[in-house]
């Protein structure tokens, strides 16, 4: 049976994309607030709503984040992965390009959760649910996002934005108008995910 509400929601879900490059078109404050208002309506354990949404528009801060992210990443490549100088230089080039694309958006949002919440062991799940709401609301308003967990290292995010230890980092997402919308990726058939009643 046709259902306009479901059809509209399905269109937004199917239209969401991971966007890695943005135009410099501004995102009005009203739109940012609408997106974050949708995020706060996500379900949470015990209805604790343990979120903090860190909103960044300052281009100087974003440049600081770019530099810190590249430094942290290359330190890791050098000390933990034992990359050669040539490999590190290639990593510098590709990672700088990736970060510059993400930070080309006019707005960044970090989703954090309170580690002191009563049901803190579930808070990371709560944060992921808020992120899903945020990303869908952004798409409904015509903006792209990305579920960024470690492409821009948490260490760099914490350092640049002085995030207190109390808050656990969940994701960092740009919000902006994409330079272009990526083509839809292939999706596995629904049947490949389904198990009824029990595993045999």
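What separates the Cα centres of region 75-99 and region 1-70 is a distance of 29 Å. Here is how the number arises for the chain: DSSP H runs of 4 or more residues each give -39500 (n - 2.57), the sum is divided by the residue count, and the result at 222 nm is -14500 deg cm²/dmol. Modelled label-to-label distance, residue 78 and residue 121, 7 Å Cα→beta-carbon offset: nm? In this crude spin-label approximation the distance works out to 4.1 nm.
Between 0 and 90 degrees, the angle of helix 85-102 with respect to the longest Cα principal axis of the chain falls at about 50 degrees. If one takes the longest principal axis of the Cα atoms in the chain, at what angle in degrees, from 0 to 90 and to the nearest 10, does the Cα axis of helix 29-39 lie? So the helix axis and the longest Cα principal axis differ by about 60 degrees. Angle of helix 59-79 to the longest C-alpha principal axis of the chain, folded into 0 to 90 degrees and rounded to 10: 70°.
The packing ranking of peptides 127-136, 180-189, highest mean first, is 127-136, 180-189, where packing means the average number of other beta carbon atoms within 10 angstrom of each residue. The structure-derived value of Rg and Dmax of the Cα atoms in Å appears in the list (1) 16.2, 50; (2) 16.4, 54; (3) 18.6, 61 under the label (3). In region 103-178, inverting the average of 1/r over every pair of distinct C-alpha atoms gives 13.0 Å as the Kirkwood radius. Counting alpha carbon pairs within less than 8 Å and at least 6 residues apart, what relative contact order, in whole percent, applies to region 18-179? The normalised contact order for region 18-179 reaches 40 percent. Length gained on full extension, residue 24 to residue 10, computed as 0.36 nm times the residue gap minus the Cα-Cα distance: 2.2 nm.
Bear in mind these aren't lab numbers, they're just calculated from the coordinates by the rules spelled out. Computed from a prediction, not measured in an experiment: that's the story for all the values here. In this analysis, Cβ positions are derived from the backbone assuming ideal geometry, glycine residues included, and neighbour counts consider all displayed protein chains.
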